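To start, the structure itself, in C-alpha cells.
Throughout, read-outs are computed from the coordinates displayed, never taken from laboratory work. Only a predicted model underlies this, so the values are computations on that prediction, with no experimental measurement involved. As a convention, Cβ positions derive from the backbone with ideal geometry for all residues, glycine included, and neighbour counts pool all protein chains shown.
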Amino acid sequence: MRLIEKVWFEQHSAKWILVPLLAPLSLLFALLTFVRRIFYRHGIFTSHKVKVPVIVVGNIGIGGNGKTPVVISLIEQCQQLGLKAGVVSRGYGGKAPYYPYVLDEKSTAAEAGDEPVLIFSRCKVPVVVGSERVVAANKLVDLGCDVIIADDGLQHYKLQRDLELIVVDAKRKFGNGFLLPAGPLREGKWRLNTVDFVIQNWANVASLNSDAANVPNQFDMELVPEFICNIVTGEKLVISDFLRDNPNVNAMAGIGDPKRFFSTLQSCGFTLNEALPFVDHHKFSADDIRYLASDVPLLMTEKDAVKCNNIAQNNWWYMPVTARFSEIAKQQLKNKIQALTLGKH
C-alpha cells in the first residue's frame, strides 16, 4: 500500500507531516468542488438527461469498495424485470482505440479497463466506456437499452441521474475524513444524506448510522464467494473441493483493499504462503510473481484475472464474489427500478 493510503486509512505516523502539508490543497479542492456543484445547480454548467433512466453507483472516496458487484446485481434485477440494462464506465486504466468504445468478446482490460471487462464477461450486456459519460450513455440508448447503470461517476454531474447509490466499505469507511489530497474523500460525508440508497459493504462491521443519520434506505451487503475458476481452462470448482486438495495457496490482489481479499481466503480456510498486495487497477506482468513457488496454486480476484489472461499459468485461479442483500433490500431496489421504468418498457 502506498504511504499516502496508509495515512488516509491506517493512521500512519507520517500523517503528522503529510496532512498539515496537504491540508491547504484539500481546502482548495473543497472550494473548487463546491463552486462546481453550484454552477451545475444553477445551470451555469449544463447537465444532460438521456432518454432512459440512469442509475449511478458510486462513492464519496477513492478506492474500491464493492461497486462492481452492486452493478452486476442491479443488472440481474433489471433482467428479472424484463429490462435491457447497459453499463457506462470511464474505463479507468484502459486506452481504447476510440471513444465511446463498445466492448465485445475480444475487448481487453488494456483497452477498456478491468472493471468494464469483468462486467461484460460476467453479464453479457452492452458496456460502453469513455470519459464523456453523456456520449457513452447516448450510445447505450442507441443500442436499445431500457436502463443505464453508471459504474462510478457519482461526481460526474454532467450526466443527470434518476437514482443514486453510494457504496461504502464499512471497514475502512471514510479514512481520516479529509478531502483529497490530505484524505481519500472526493465529497464530504454530507453527500450520504442526499442519495437514494447507502449500501454498506462488509456487513459484520458497525453501522454507519452516525455518518448517515438521515438516510432512510441504508442496508448491508455481503460479498459472497461461491466457487473458484481456473483462468486458463475455465474449470470451476466449489470452494470446499478446491480447499480439500489445495489448503496452502499463494494470493495476489490489485484492488482498493487487498487485505479484504486475503481475509476472505483465510475465512474460507486457506493458508496463505505468500500474499502480494498491489495498488488498485495494477497492470500485472510475469515479473510480479517471479518469486512465488510455481507448484503452489495462485488465487486472485475476478477483477485481477481479466488482466492476467496472457500471462496465466495452469494453476492460476480466481474467486468471483456475488453481492448478497436481504430480501427486503432487494425488493426495495427492484421496486425503485420498476417505478423508474414504468411506462417506458
Check: What are the radius of gyration and Dmax of the chain, computed over its Cα atoms and given in Å?
Finding: 20.2, 62
Next item on the list: Hey, could you grab the Kirkwood Rh for the stretch 65-127? Inverse mean 1/r over distinct alpha carbon pairs, Å, one decimal.
Entry: 11.9 Å
Notebook entry, point to check: Order of 101-111, 301-311, 171-181, 232-242 by packing, highest average Cβ count within 10 Å first?
Noted result: 301-311, 171-181, 101-111, 232-242
Check: How big is the Cα convex hull of the stretch 227-319 in projection, averaged over all directions, in nm²?
Finding: 5.1 nm²
Notebook entry, point to check: Comparing GLN218, GLN200, GLN79, which has the greatest mean-square fluctuation in the GNM of the chain with Cα pairs linked when under 10 Å apart?
Noted result: GLN79
Check: How long is the gain from ASN309 to THR233 if the chain were fully straight, where each residue apart is worth 0.36 nm and the alpha carbon distance is subtracted?
Finding: 26.3 nm
Checklist line | Two-decimal ratio, the stretch 54-183, of alpha-carbon radius of gyration to 2.2 N^0.38 Å | finding: 1.03
Check: Rounded, prolate or oblate: which fits the stretch 2-75 when a ≥ b ≥ c are the square roots of the eigenvalues of the alpha-carbon gyration tensor, with rounded for a/c under 1.5 and prolate only if a/b beats b/c?
Finding: oblate
Notebook entry, point to check: So what's the net charge close to ALA312: Lys and Arg +1, Asp and Glu -1, counting the other residues with Cβ under 15 Å from its Cβ?
Noted result: -2
Checklist line | Rough spin-label spacing in nm, given labels placed 7 Å along Cα→Cβ, for ASN217 and LYS334 | finding: 1.5 nm
Notebook entry, point to check: Can you work out the FRET efficiency for the pair THR194 and VAL135, with r the C-beta to C-beta distance and R0 = 25 Å, to the nearest 0.05?
Noted result: 0.45
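Which loop chymotrypsin sites (Phe, Trp or Tyr not before Pro) in the stretch 257-316, with loop taken from DSSP, have no more than 10 other Cβ atoms within 10 angstrom of their Cβ?
TYR291
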Notebook entry, point to check: Across the stretch 195-201, in residue order, what do the Karplus-derived ³J(HN,Hα) couplings come to in whole Hz, using 6.51 cos²θ - 1.76 cosθ + 1.60 with θ = phi - 60° and x for Gly and Pro?
Noted result: 9, 7, 9, 10, 10, 9, 7
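In what order do HIS12, HIS282, HIS42 fall by count of nearby beta-carbon atoms within 10 Å, going from fewest to most? Could the numbers behind the result be given before it?
On the way: HIS12 15, HIS282 19, HIS42 8.
So the ranking, lowest neighbour count to highest, is HIS42, HIS12, HIS282.
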Checklist line | Spread of Cα-to-Cα distances over 10 Å intervals beginning at zero, given as percent, for the stretch 98-157 | finding: 22, 59, 18, 0
Item checked: Förster-model FRET efficiency, 45 Å R0, GLN160 and ARG290, C-beta, rounded to 0.05 -> 0.40
Item checked: Top positive-direction residue, dipole computed over the stretch 227-319 with Cβ charges, set PHE227, HIS281, MET319 -> HIS281
Checklist line | the chain, dipole about Cα centre (Lys/Arg Cβ +1, Asp/Glu Cβ -1), debye to the nearest 20 | finding: 1180 debye
Next item on the list: Name the residues whose placed amide hydrogens come within less than 5 Å of the amide hydrogen of ILE311, ignoring near sequence neighbours (fewer than 5 apart) on the same chain.
Entry: none
Next item on the list: Check the straight Cα-Cα distances from LYS49 and name the lysines below 30 Å, setting aside those fewer than 8 residues away within the same chain.
Entry: LYS67, LYS84, LYS95, LYS124, LYS139, LYS158, LYS189, LYS330, LYS334, LYS336, LYS344
